[in-house]
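Trainee: Quick one: this structure, given as structure tokens, is what I'll be asking you about.
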Amino acid sequence: MIRTQMDTEKAQTRLRLVLYPRAETAVRSGHPWVFADSVKSQNRPGVTGELAVMYDRKDRFLAIGLFDDVSPIRARILHCGKPATIGREWWLEKARACLARREGVVLNEGTDGARLINGESEGFPGIVADRYADTLVVKIYAAGWLPRWEEIEGLFREVFSPAHLVLRFSRNITGVAAEMGIVEGFRGEPGDETVVFSENGIRFEAAVRHGQKTGFFLDQRDNRARTEELSKGRDVLNVFSFTGGFSLYAARGGARSVTDLDISRHALESAERNFSLNPSLAAVERHAVQADAFRWLEEAEGNYDLIITDPPSLAKRESEREGAQRAYARLNAAALRRLRPGGILVAASCSAHVSADEFFQAVETAARENGCPYRELWRSGHAVDHPADFREAEYLKAVCVELG
């Protein structure tokens, strides 16, 4: 079994948590987190990283979770239902199942970049693993994984067979990791800090050591492909273009021109490099604008046939939700005013604190206030390699509307 010093049953009794009724219901319904104030009692002090067995008020088995003494989320659910043994074979089965869901569906001859493990929604709460060609990037968001890292790393290497493995931490656990002597970066043989991978036949670079998230935004792959189908003969504006993902797909789809709009010079330069990786797409007329997207849309001149708005999260906490809804309405209203008759808007949101219904309502409000007839072409959510099976995990949504 995968163990830490506090995990050995011979050394001491297994950590037992009894939950309050409301938490019992949440766990039984599939919610993956147990907060500290949901624990009615425990048999002894727990240590971050050990397994905790949870029971209801009638002493019936509920679940097994990864205990975390330094987080408000006191336990992250690994297994719920009937009692089970959490050992090496259990973990291997989980990881192999994750890989099987991608092979031939996401991973194929044209795509060697994908999310292989998506945290809570796939039985690895607080951890994600992304593949970029032969490099695996693992990002840990929960301190409970740190004492188990060596064992988990071995499992990932066995199942995913990467040539190189990069370990990264979220900001909230960097201090704990430092105390334990676990450092970010390449594990074992070092590789390239910028890795080139393929997505649906288009080549991109991923900054696997220091880029945002794990180096690239893999979650928009399907929406990029949908946008490609709309691009033929159109002048395309990519708002919050970042590294130009939507722009490359638009170019391959036959766009007449593509314009990248982003406040970051570094992002625009990365988009330029991505185009250089794809010589067959370099012939498209291209423009790059470094500016504040909201201000530029409202003040600059020029109209387009297809506009993509894909901003970073506009609500990083619940208190920002209402302001984000207004910002989405403002952003997309400005984009709609820049569309020519018959133009298309693809609007996306990655704000978990703004629900899909709230986001779609904000875009609908912007479209109505624009005063032109419109019709909705499609809506989308999470890609197959980014499953989300509880509310807090549901962050990505997009909608496409066409002006009449």
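Trainee: Just checking, which of VAL401, VAL346, VAL384 is β-branched (Val, Ile, Thr) and under 26 Å from SER264 (Cα atoms)? Steps first, answer last, please.
Mentor: Numbers: VAL401 fails: under 26 Å from SER264 (Cα atoms); VAL384 fails: under 26 Å from SER264 (Cα atoms).
Result: VAL346 is the single residue among VAL401, VAL346, VAL384 that is β-branched (Val, Ile, Thr) and under 26 Å from SER264 (Cα atoms).
Trainee: If a residue counts only when it is outside the structural domain of LEU116 (by TED's automatic domain parsing) and surrounded by 18 or more Cβ atoms within 10 Å (Cβ to Cβ), which helices (runs of 4 or more DSSP H) contained entirely in the range 143-229 have at least 1 such residues?
Mentor: Numbers: elements: 149-160, 174-180, 221-228.
Qualifying helices (runs of 4 or more DSSP H): 221-228.
Trainee: Quick one: how many residues across the range 302-345 are in a helix (DSSP H, G or I) and surrounded by 15 or more Cβ atoms within 10 Å (Cβ to Cβ)? Full working, then the answer.
Mentor: Here is the first cut: in the range 302-345, the residues in a helix (DSSP H, G or I) are 318-337.
Restricting the remaining residues to those that are surrounded by 15 or more Cβ atoms within 10 Å (Cβ to Cβ) gives 320-321, 324-325, 327-337.
The number of residues fulfilling the criteria is 15.
Trainee: Looking only at the range 359-369, count every residue that is under 15 Å from ALA334 (Cα atoms) and in contact with a strand residue (DSSP E or B) (Cβ under 8 Å, 6 or more places away or on another chain) and tell me the total. Please lay out each step first, then the result.
Mentor: Filtering the range 359-369 down to residues under 15 Å from ALA334 (Cα atoms) leaves 362-369.
When the remaining residues are screened for being in contact with a strand residue (DSSP E or B) (Cβ under 8 Å, 6 or more places away or on another chain), the result is 363, 367.
So the count comes out to 2.
Trainee: Does VAL183 qualify as being over 16 Å from LEU66 (Cβ atoms) and in contact (Cβ under 8 Å) with a residue 40 or more places away in the chain? If you could, list the steps in order and put the result at the bottom.
Mentor: Numbers: over 16 Å from LEU66 (Cβ atoms): yes; in contact (Cβ under 8 Å) with a residue 40 or more places away in the chain: no.
Criteria not met by VAL183.
Trainee: Go through the range 265-301 and give me each residue that's in a helix (DSSP H, G or I) and under 14 Å from PHE246 (Cβ atoms).
Mentor: Keep residues of the range 265-301 that are in a helix (DSSP H, G or I), which gives 265-276, 279-281, 293-299.
Correct list: ALA267, LEU268, SER270, ALA271, ASN274, PHE275, LEU281, ALA293.
Residues checked against (1) within 15 Å of the chain's Cα centre (by Cα); (2) among the charged types (D, E, K, R):
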| position | (1), (2) |
| --- | --- |
| GLU120 | yes, yes |
| PHE124 | yes, no |
| ALA133 | no, no |
| VAL138 | yes, no |
| GLY144 | no, no |
| ARG157 | no, yes |
| PHE160 | no, no |
| VAL166 | no, no |
| GLU179 | no, yes |
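Trainee: Still on this model: Under 8 Å between Cβ atoms, at least 6 apart or on separate chains: pull out the pairs that start in the range 11-30 with a residue that is in the same structural domain as ASP59 (by TED's automatic domain parsing) and end on any residue that is in a helix (DSSP H, G or I) and modelled with pLDDT of 95 or more.
Mentor: Listed by first residue and then by second, the contacts come to LEU19/VAL27; LEU19/SER38; TYR20/SER38; ARG22/SER38; ALA23/SER38; ALA26/SER38.
Trainee: Another question, if that's okay. If I ask for residues that are touching a residue at least 24 places away in the same chain (Cβ under 8 Å), among the charged types (D, E, K, R) and under 21 Å from LEU396 (Cβ atoms), which ones from the range 287-325 would you list? Let's see the steps before the verdict.
Mentor: Of all residues in the range 287-325, those touching a residue at least 24 places away in the same chain (Cβ under 8 Å) come to 287-294, 296-298, 302-318, 320-321, 324-325.
Next, only the ones that are among the charged types (D, E, K, R) stay: 292, 298, 305, 310, 316-318, 320-321.
ASP310, LYS316, ARG317, GLU318, GLU320, ARG321 - these are the residues of the range 287-325 that are touching a residue at least 24 places away in the same chain (Cβ under 8 Å), among the charged types (D, E, K, R) and under 21 Å from LEU396 (Cβ atoms).
Trainee: Also: Could you please find all residues in the range 242-278 being of a type in the set (Gly, Ala, Ser) and surrounded by 15 or more Cβ atoms within 10 Å (Cβ to Cβ)?
Mentor: Looking only at the range 242-278, we keep the residues that are of a type in the set (Gly, Ala, Ser), and these are 244-245, 247, 250-251, 253-255, 257, 264, 267, 270-271, 276.
The answer is GLY244, GLY245, SER247, ALA250, ALA251, GLY253, ALA255, SER257, ALA267, SER270, ALA271.
The values are calculated or read from the model by the stated rules, or taken from the named source; none is laboratory data. Bear in mind that the values here come from a model prediction, so they are computed numbers and not experimental data. Please note: Cβ atoms are built from the backbone with ideal geometry, for glycine as well, and neighbour counts cover all protein chains shown.
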